[in-house]
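Below is a structure I'd like to ask you about.
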Amino acid sequence: MEQLGIIERLQSAFGETLGVWHASNSESAYARRMGSFFQVSDPARLLELAFFLRDEPALAFDSLLLLSSVDHGDGSLSVVYHLESTVYRHQIVLKITRPMAQARVPSVTSVWSHANWQEREAWDMMGIRFEGHPDHRRILLEEDYPGHPLRKYFKEPDFYHGMKVPN
Amino acid sequence: MPEILERNIHSHSLLHASAPVHLPDRVEPKRLHTEEMVLNIGPQHPSTHGVLRLEVVLDGEVVVDVIPHIGYLHRCFEKHAENLTYPQVLPYVDRMDYIAAMSGEHGYVTAVERLLYIEVPEKVEYIRVLFAELQRIASHLIAIGTFGMDSGAFTPFLYCFRDRETILEMFEKTCGARFLYNYMWVGGLSHDLHPDVLPMCRDFLKKSRATHQEINDLLTFNHIFVERTAGIGVLDREVAINGGASGPMLRSCGVKWDIRKDDPYSIYDRFEWEVAIGSSDRGEPGDSFNRHWVRMQEWEQSLNIIEQILEQFPRQDATDVQSAIPKRLKPPEGEIYSRTETPRGELGYYIVSNGDVKPWRVKVRSPAFSNLSLLPLLSRGYLVADLIVILGSIDIVLGEVDR
Amino acid sequence: MGYFSDITRGLSTAVKGLTVVIRHLGRRKVTRQYPEPKNEYILPERARNRLYVNMDDCIGCDKCARACPVDCIEIETVKSIPEEDLGVTTRFAKKKSLWVTKFDIDMAKCCYCSLCVWPCPTECIVMTEVFEFSEPKRENLIYHYATMDAAEAELHRQNRANYEAQANVQRAKQAADRAANAPAGPPSSTPPSSPPPSAASPWANKGPKH
Amino acid sequence: MTAIYQALYEFISRFFSPSIITLVVTTLVYAAIPLVFILVYGLVAILGEMKISAWLQDRLGPMRTGPKGILQPIADILKLLQKEDTTPRAADRPLYRLAPWVAFIGSYAAFAALPFSVAYIGARLNTGIFYILSMGSLVVVSILLAGWGSDNKYSMIGAMRSVAQIISYEIPVALAVITVVVIAGSMDLQTITDLQAGGINNWFLLGGPKHLEGFGGSTNFVLVPVMLVAFAIYFIGSLAETNRVPFDVPEAESELVAGYHTEYSGMKFALFFLSEYASMFAVGSVASILFLGGWQSPLGDTMNGPAMGFLWFILKGLSFVFAQIWIRWTLPRFRVDQVMRICWKVLIPFGLTAVAAASVIAVAIQ
């Protein structure tokens, strides 16, 4: 399905209120395909949207390519979902932007199990909480590590467990 | 919660760590449950392929649950990348998937070039694909060899290393490094092909086909090996797609999905080759044997691609391989998700640029990370020996898992 | 699979494997002894090993240090004063104008990526074929390439400081002269500086306001 | 009394006057001969394993110690002697210390009944083969002691696997032995060897003695398939009993690190190592006694005799050791349930068939 078809479909199901569609502003054919994204403004409806994207036969986004997180440096964090349909080979990007103090989004692990570790990594590195995650722990760092290192203003501790952290 | 949500959550409950364990029928006697024992495999263990720790809950020798603990090799590549310029990221990219550094570089430079709209000369593309395919063979040789070692056969491992050595020699001749190359630069290459490499390549094609046959006789079709691996750790097609499996792991389930064919990058659309998928000749699609078998086939297909590269290779071409390298690498503001097929699967780079010489955010979709996350699902209900085989068949590189 | 075919297949494939392996018993071995037969294995001409800096050619431009992804190169320079003639580099005959008082490479940090080699305008930093240089102490792996000792460096630093002090005095005098000569008028005010760019967000321009 | 024992006795009686002391000293010296043999053979076997595996894998193998690395095993032993002898804190100390000795005693004791030559056998028992089989089972005890005593989960799993495996595989091995015993009519190893005198044609692998009364003469070639099956069963079973690939599940490197001897270091490990190699030779030589004529020359009377007997016996034993090394570096490892399946579903039915067939034939041709 073409990108515009997907957005029409989504808008008819979720209404205009759900978010804003951003078509790509680049010329390259490749970037046009990957660069357009869909800003989800209401995290409460994310899970519903995710199930719709996966289960709607005409969309069939059965594969979560990547779940990434971005710190914008202005006190807000984003979660970015790259989705792909292995049936129709079309792709879509979802984004949720939240202020850092309320960095909580529903977990999509129940929709795409690939999100399990990816969400744990996003929590570990960026400090985004995923509500409803079955195993919400850090994954790469120790459980007692202070802070989330991929945040832009992260200061690494001088000492960790009494050991001097080399710089 | 709407009804549809509940149904779907339930249907995927098996993927969760807290889900009840259903032992497959093949483990007998089913009702004989003993006290559970926790066995730590790793971080230092002969078969964890690096520093991976598996917390295995055992009932006798039956694996009840596996909890992988990763992060021992975590170097925070993504944080590093934010503090380095685009060309400086490359040595770090090498060190992510250190078994297949060329493929990792290929993925990174492809992503940055797409971000910058750089067209590289044809000759550069040919050399890149040639080296990426050689690297794929080298990486698969290690995967096949260590998989044999995990199942107890030691000798194929060394035969594989012998062949890999030839490939590394070609790389060393061309760029001076055997392992961590820093060879593919954004917009070009660090060196032109060494004149010895093409003849060496032709020679290698012949020798490698012989080794392929040898490994088949020695390992792949060995009945003990087939018995050990066939039907072990079966990954369901839907679960594989849903769980983010890629590369040989996904193809072994019978899914014809290869980025080189389905989302072509570089010049892969110029070559004729087959996407290797798992079959049910021996074992069943998605099992450990088919993961190995897909790698064996891909080795052959890569040889085919290399053969075509050698035929089509631009002759007497005086192209400067550094001609398209921009003086100052400063991509426009924007973001990209670009993916390539490495030996382990889909390597994606999500790069956000704010118009600076340093990337704002680099996120790596590392195939080994995603594939490893399926390990608990694959190995529940099998024996400890099978767990090792399953882990070996996934072919992880801890540098890439932990980044 | 039948019971008997299972057994025969097991035995026959085992025998096949055994024949494959036994054929290697008399073959030429592929491993090489290290380091005795040095002539057997020659490093490729492009081998990237220990860094070497030809200080005669170094102009102290700091390009290599900036290219280094692991910050293993440390360069300190002192500007020369006009009376001093530092000569030209042997290659490309570039004129030198900086005293290189410190050129340290920490080979323990070096990742052998050769990114420092390429930007060098005089090709004075190169990767050599030397690869056996293990040291019992990590400090010994910091190579000091600068040719001058501390006293000489201090001398140059002093020279430069003196020269700058003189120049400042001169400039102040000139400025005073100019101020005395020029007609008095309001100094042109600088335009209001733009607000310092905040940590730029890639979403700042195109993303929705959040 | 063998010729060597008598010679020793006469030699030692020159130094000691009371005959009881002479007897004790002679017995000790006589018993030390297999020990010396084990030690020397151990060095050769370790070097052989290293070199053969290297050559099979296109490698050079150890090249540093001595010319072409032939002193490598001595260096290894010296290294093991110098190593710190660690004991896990939670280990069951008496059992932990006892285990390697039990292992070594088990394999050393088996050598007592091996007829190296017509001139040398430690103890000529009329139930020799039975004695060797039972001594081989002693290894199980040591493995269980080691696995339990180490207080290590890998060791424990390895020991459990090993016990299950070795006890199971004693049955097919015993069945294969019985096949020969039924034909030979004796459990005495010297008698069995003597029966196969007169060259390759009279080996039990090829039907047994054709020159003696009561063995069917030239018609006993009908035994050949039975004997081939028995030989194959014995060989596969002996691989399993000595924990060699493809039956090395107890010390499966990729799964259990080193199985029951994970925690052992220094001399204790060396003893396990040595006893493993000693049992490799022991099972190989039993195979050569039962099926390949023991110390008898394959050429009949040429090159036969007490001294040549030693040579043939060791040569046959070593060729089995070579085969075990060759197989080890070729085949993958079975899974533990497959090991048991092969034993109970393949080897034992075939073994029973072989025993039955041999019994019928033995009755028929006599």
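Tell me whether segment B:177-199 contains one or more residues that are open to solvent by 10 Å² or more (accessible area, probe 1.4 Å), within 14 Å of chain D (Cβ to nearest Cβ) and under 30 Å from D:Glu253 (Cβ atoms). Can you show your working first?
At the first step, the residues of segment B:177-199 found to be open to solvent by 10 Å² or more (accessible area, probe 1.4 Å) are B:177-180, B:185, B:191-196, B:198-199.
After this cut, where a residue has to be within 14 Å of chain D (Cβ to nearest Cβ) as well, the list is none.
Checked segment B:177-199: no residue is open to solvent by 10 Å² or more (accessible area, probe 1.4 Å), within 14 Å of chain D (Cβ to nearest Cβ) and under 30 Å from D:Glu253 (Cβ atoms).
Can you confirm whether segment B:383-396 contains a residue that is within 14 Å of chain A (Cβ to nearest Cβ) and out of contact with any Phe, Trp or Tyr (no Cβ under 7 Å at 6 or more places or on another chain)? It would help to see each step written out before you state the result.
Let us first name the residues in segment B:383-396 that are within 14 Å of chain A (Cβ to nearest Cβ), namely B:394, B:396.
With out of contact with any Phe, Trp or Tyr (no Cβ under 7 Å at 6 or more places or on another chain) added as a condition, the list becomes B:394, B:396.
Yes.
Search segment D:255-268 for residues that are in the same structural domain as D:Asn243 (by TED's automatic domain parsing) and pair each with any residue that is among the aromatic types (Phe, Trp, Tyr) and open to solvent by less than 40 Å² (accessible area, probe 1.4 Å) when their beta-carbon atoms are under 8 Å apart and the residues are at least 6 apart or on different chains.
From residues that are in the same structural domain as D:Asn243 (by TED's automatic domain parsing), the pairs are D:Leu256/D:Tyr154; D:Val257/D:Tyr154; D:Ala258/D:Tyr154; D:Gly259/D:Tyr154; D:His261/D:Phe272; D:Thr262/D:Tyr154; D:Glu263/D:Tyr96; D:Tyr264/D:Phe272.
OK, next. Quick check: anything in segment D:64-75 open to solvent by 40 Å² or more (accessible area, probe 1.4 Å), within 14 Å of chain B (Cβ to nearest Cβ) and assigned to a helix (DSSP H, G or I)?
No; the residues of segment D:64-75 include none that is open to solvent by 40 Å² or more (accessible area, probe 1.4 Å), within 14 Å of chain B (Cβ to nearest Cβ) and assigned to a helix (DSSP H, G or I).
Working only within segment D:328-347, note down all residues that are open to solvent by 20 Å² or more (accessible area, probe 1.4 Å) and not aromatic (Phe, Trp, Tyr). Show your work before the answer.
In the first step, residues of segment D:328-347 are kept if they are open to solvent by 20 Å² or more (accessible area, probe 1.4 Å); the result is D:328-329, D:334, D:336-337, D:340-342, D:344-346.
Hits for segment D:328-347 are D:Arg328, D:Val336, D:Asp337, D:Met340, D:Arg341, D:Ile342, D:Lys345, D:Val346.
Conditions: (1) buried (at least 18 other Cβ atoms within 10 Å of the Cβ); (2) part of a helix (DSSP H, G or I). D:Ala91 meets all but one. Number of the miss?
Here D:Ala91 meets the rest and fails (2).
In this structure, is B:Phe225 buried (at least 24 other Cβ atoms within 10 Å of the Cβ), among the hydrophobic types (A, V, I, L, M, F, W, C) and more than 21 Å from the chain's Cα centre (by Cα)? Before you say what the answer is, go through the steps one by one.
On the way: buried (at least 24 other Cβ atoms within 10 Å of the Cβ): yes; among the hydrophobic types (A, V, I, L, M, F, W, C): yes; more than 21 Å from the chain's Cα centre (by Cα): yes.
Yes; evaluated as a whole, the condition is true for this residue.
Which ones in segment C:76-120 are touching a Ser or Thr at 6+ places or on another chain (Cβ under 9 Å) and assigned to a strand (DSSP E or B)?
Scanning segment C:76-120 gives C:Glu76, C:Thr77, C:Val78, C:Lys79, C:Lys95, C:Leu98, C:Trp99, C:Val100, C:Thr101, C:Lys102, C:Phe103.
While we're here: How many of the residues in segment D:1-35 are part of a loop (DSSP other than H, G, I, E, B) and either under 27 Å from the mean Cα position of the chain (by Cα) or surrounded by 14 or more Cβ atoms within 10 Å (Cβ to Cβ) (or both)? Spell out the reasoning first.
Step one: list which residues in segment D:1-35 are part of a loop (DSSP other than H, G, I, E, B), which gives D:1-2, D:14-18.
Those still in the list that are either under 27 Å from the mean Cα position of the chain (by Cα) or surrounded by 14 or more Cβ atoms within 10 Å (Cβ to Cβ) (or both) too: D:1-2, D:16.
Residues that pass the stated criteria total 3.
Turning to a different aspect of this structure: Which of the residues that make up segment D:240-264 are outside any helix (DSSP H, G or I), open to solvent by 20 Å² or more (accessible area, probe 1.4 Å) and more than 12 Å from chain B (Cβ to nearest Cβ)?
Across segment D:240-264, the qualifying residue is only D:Glu263.
Quick test for you: out of D:Gly237, D:Gly208, pick the one residue that is open to solvent by less than 30 Å² (accessible area, probe 1.4 Å) and either assigned to a loop (DSSP other than H, G, I, E, B) or not assigned by TED's automatic domain parsing to the domain that holds D:Arg341 (or both). It would help to see each step written out before you state the result.
On the way: D:Gly237 fails: either assigned to a loop (DSSP other than H, G, I, E, B) or not assigned by TED's automatic domain parsing to the domain that holds D:Arg341 (or both).
Of D:Gly237, D:Gly208, the one residue that is open to solvent by less than 30 Å² (accessible area, probe 1.4 Å) and either assigned to a loop (DSSP other than H, G, I, E, B) or not assigned by TED's automatic domain parsing to the domain that holds D:Arg341 (or both) is D:Gly208.
Let me confirm something: among D:Gly309, D:Gly300, which residue is open to solvent by less than 60 Å² (accessible area, probe 1.4 Å) and either part of a helix (DSSP H, G or I) or not assigned by TED's automatic domain parsing to the domain that holds D:Glu170 (or both)?
Numbers: D:Gly300 fails: either part of a helix (DSSP H, G or I) or not assigned by TED's automatic domain parsing to the domain that holds D:Glu170 (or both).
None of the other options fit; the residue is D:Gly309.
When B:Lys358 is evaluated against the numbered criteria (1) within 13 Å of chain A (Cβ to nearest Cβ); (2) buried (at least 24 other Cβ atoms within 10 Å of the Cβ); (3) of a type outside the set (S, T, N, Q), which criterion, by number, is the only one it fails?
Status for B:Lys358: all satisfied but (2).
Additional query: Please tell me if C:Leu51 is of a type outside the set (Gly, Ala, Ser) and touching an Asp or Glu at 6+ places or on another chain (Cβ under 9 Å). Let's see the steps before the verdict.
Values: of a type outside the set (Gly, Ala, Ser): yes; touching an Asp or Glu at 6+ places or on another chain (Cβ under 9 Å): no.
So C:Leu51 does not fit the description; no.
Further question: Could you check segment B:92-142 and list, in sequence order, the residues that are charged (D, E, K, R) and away from every other protein chain (no Cβ under 14 Å)?
Going residue by residue through segment B:92-142, those that are charged (D, E, K, R) are B:94-95, B:97, B:105, B:113-114, B:119, B:122-123, B:125, B:128, B:133, B:136.
Once the filter is applied, which keeps residues that are charged (D, E, K, R) and away from every other protein chain (no Cβ under 14 Å), segment B:92-142 yields B:Asp97, B:Glu122, B:Lys123, B:Glu125, B:Arg128, B:Glu133, B:Arg136.
Ok, one more. If you scan segment C:50-72, which residues turn out to be aliphatic (A, V, I, L, M) and within 13 Å of another protein chain (Cβ to nearest Cβ)?
First, pick out the residues of segment C:50-72 that are aliphatic (A, V, I, L, M): C:51, C:53, C:55, C:59, C:65, C:67, C:70.
Of everything in segment C:50-72, those that are aliphatic (A, V, I, L, M) and within 13 Å of another protein chain (Cβ to nearest Cβ) turn out to be C:Leu51, C:Ala65, C:Ala67, C:Val70.
Within segment C:134-150, work out how many residues are of a type in the set (A, V, I, L, M) and either open to solvent by 70 Å² or more (accessible area, probe 1.4 Å) or touching a residue at least 40 places away in the same chain (Cβ under 8 Å) (or both). Show your work before the answer.
Narrowing segment C:134-150 to residues of a type in the set (A, V, I, L, M): C:141-142, C:146, C:148, C:150.
Of the ones still in play, those that are also either open to solvent by 70 Å² or more (accessible area, probe 1.4 Å) or touching a residue at least 40 places away in the same chain (Cβ under 8 Å) (or both) are C:146, C:148, C:150.
Adding up the residues that qualify gives 3.
Of all residues in segment B:270-281, which are over 30 Å from B:Lys123 (Cβ atoms) and buried (at least 19 other Cβ atoms within 10 Å of the Cβ)? If you could, list the steps in order and put the result at the bottom.
Of all residues in segment B:270-281, those over 30 Å from B:Lys123 (Cβ atoms) come to B:277-281.
Result: B:Ile277, B:Gly278.
Right, something else. Need a quick list: strands (runs of 3 or more DSSP E) entirely within segment A:32-145 having at least 2 residues that are crowded, with 19+ Cβ neighbours inside 10 Å and not charged (D, E, K, R). Write out each step before concluding.
On the way: elements: A:37-40, A:63-71, A:76-84, A:91-99, A:104-106, A:129-131.
So the answer is A:37-40, A:63-71, A:76-84, A:91-99, A:104-106.
Please work out which one of (1) farther than 27 Å from B:Ser208 by Cα; (2) out of contact with any helix residue (DSSP H, G or I) (no Cβ under 7 Å at 6 or more places or on another chain); (3) open to solvent by less than 10 Å² (accessible area, probe 1.4 Å); (4) modelled with pLDDT under 90 is the condition B:Ile127 fails and give its number.
Only one criterion in (1) farther than 27 Å from B:Ser208 by Cα; (2) out of contact with any helix residue (DSSP H, G or I) (no Cβ under 7 Å at 6 or more places or on another chain); (3) open to solvent by less than 10 Å² (accessible area, probe 1.4 Å); (4) modelled with pLDDT under 90 is unmet by B:Ile127, namely (1).
To keep it simple, each residue is scored yes or no on (1) buried (at least 19 other Cβ atoms within 10 Å of the Cβ); (2) closer than 18 Å to D:Val177 by Cα.
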| residue | (1), (2) |
| --- | --- |
| D:Trp101 | no, no |
| D:Ile105 | no, no |
| D:Phe111 | yes, yes |
| D:Leu114 | yes, yes |
| D:Val118 | yes, no |
| D:Gly128 | yes, yes |
| D:Tyr131 | no, yes |
| D:Ser142 | yes, no |
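Looking only at segment B:91-98, decide whether some residue is out of contact with any Pro (no Cβ under 9 Å at 6 or more places or on another chain), free of Cβ contacts under 8 Å to residues at least 12 places away in the same chain and open to solvent by 10 Å² or more (accessible area, probe 1.4 Å). So that I can check it myself, show each step before the final result.
Step one: filter segment B:91-98 for residues out of contact with any Pro (no Cβ under 9 Å at 6 or more places or on another chain), giving B:93-96, B:98.
Next cut, free of Cβ contacts under 8 Å to residues at least 12 places away in the same chain only: none.
Scanning segment B:91-98 turns up no residue that is out of contact with any Pro (no Cβ under 9 Å at 6 or more places or on another chain), free of Cβ contacts under 8 Å to residues at least 12 places away in the same chain and open to solvent by 10 Å² or more (accessible area, probe 1.4 Å).
Considering segment B:146-176 alone, what residues qualify as being surrounded by fewer than 24 Cβ atoms within 10 Å (Cβ to Cβ) and within 17 Å of the chain's Cα centre (by Cα)?
B:Thr146, B:Arg164
Identify all residues within segment A:82-112 that are small (Gly, Ala, Ser) and either touching a residue at least 40 places away in the same chain (Cβ under 8 Å) or farther than 12 Å from A:Arg54 by Cα (or both); write none if there are none.
Keep residues of segment A:82-112 that are small (Gly, Ala, Ser), which gives A:85, A:101, A:103, A:107, A:110.
If the condition is that a residue be small (Gly, Ala, Ser) and either touching a residue at least 40 places away in the same chain (Cβ under 8 Å) or farther than 12 Å from A:Arg54 by Cα (or both), then A:Ala101, A:Ala103, A:Ser107, A:Ser110 are the ones that fit.
In segment C:62-79, is there at least one residue being among the hydrophobic types (A, V, I, L, M, F, W, C) and surrounded by fewer than 16 Cβ atoms within 10 Å (Cβ to Cβ)?
Just the residues of segment C:62-79 that are among the hydrophobic types (A, V, I, L, M, F, W, C), to begin with: C:64-65, C:67-68, C:70, C:72-73, C:75, C:78.
Narrowing the set further to residues that are surrounded by fewer than 16 Cβ atoms within 10 Å (Cβ to Cβ) leaves none.
No, there is no match, as no residue in segment C:62-79 is among the hydrophobic types (A, V, I, L, M, F, W, C) and surrounded by fewer than 16 Cβ atoms within 10 Å (Cβ to Cβ).
The values are calculated or read from the model by the stated rules, or taken from the named source; none is laboratory data. In this text the structure is predicted, and so the values were computed from the model without any measurement. No Cβ is skipped: glycine too gets one built from the backbone with ideal geometry, and neighbour counts run over all protein chains shown. Surface accessibility is based on the protein's heavy atoms, side chains included, excluding ligands, DNA and RNA. Shrake-Rupley method; radii C 1.70, N 1.55, O 1.52, S 1.80 Å.
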